[in-house]
Amino acid sequence: MGSVILYIEDNPDNMMLVKRALESRGYTLLEALSGLDGVAMAEKKEVDLILLDINLPDIDGYEVARRLRGSAKPTLAYTPIIAITANALKGDAEKALAAGCDVYMSKPINIRELWARVEAFIQAPHKP
Ligand code: MN
């Protein structure tokens, strides 16, 4: 079972937080700082799960999810995508799911929730 996670996020504080949290459980984190970079990286590398910020500097997370789901790379049709929404407004979550994300979580990122959400799809290489 794989353990490579791609995080598409433009905020360096969130990136650092999530990197530390996931690497402590043995996951390998790939970082993309924009939507277009994220789509390109997902198509180029073997990725087991994608964490997706919605507010990105170029294309937004909804558009990223649609492009991933519509990619010519077959595995991206079902690679799990966890959306991370900035405001807990009901519409955000529904839009994320409609765009092809599997689940969503709200900022600020709660590390225990993150671990649990990720582990629902891929087992942690290092359990505490
Ligand atoms: Mn952002």
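For region 5-52, how many residues meet the condition of being away from the ligand (no atom under 16 Å from the Cβ), over 11 Å from the mean Cα position of the chain (by Cα) and open to solvent by less than 40 Å² (accessible area, probe 1.4 Å)?
So in region 5-52, the residues away from the ligand (no atom under 16 Å from the Cβ) come out as 5, 20-30, 40-49.
From the residues that got through so far, the ones that are over 11 Å from the mean Cα position of the chain (by Cα) too are 20-28, 40-41, 43-46.
Adding the requirement that they be open to solvent by less than 40 Å² (accessible area, probe 1.4 Å) leaves 21-22, 25-27.
Total meeting the criteria: 5.
Does at least one position in region 64-85 carry a residue that is closer than 26 Å to MET16 by Cβ and surrounded by fewer than 17 Cβ atoms within 10 Å (Cβ to Cβ)?
No: zero hits.
Which residue pairs have Cβ atoms closer than 9 Å, lie 6 or more positions apart in sequence or on different chains, and pair a first residue in region 10-22 that is hydroxyl-bearing (Ser, Thr, Tyr) and at pLDDT 95 or above with a second residue that is within 13 Å of the ligand (Cβ to nearest atom) and in a loop (DSSP other than H, G, I, E, B)?
none
Just to be sure I understand the filter: pairs with C-beta atoms under 9 Å, separated by 6 or more residues or on different chains, first member in region 30-59 and hydroxyl-bearing (Ser, Thr, Tyr), second member open to solvent by 80 Å² or more (accessible area, probe 1.4 Å). Which pairs pass?
SER34/PRO57
The values are calculated or read from the model by the stated rules, or taken from the named source; none is laboratory data. Predicted, not measured: the structure shown is a model, and the values here were computed from it. Here Cβ is always computed from backbone atoms with ideal geometry, including for glycine, and neighbour counts include all displayed protein chains. The protein model used for the area step is the full one, side chains on, heavy atoms only, and it has no ligands, DNA or RNA in it. Shrake-Rupley method; radii C 1.70, N 1.55, O 1.52, S 1.80 Å.
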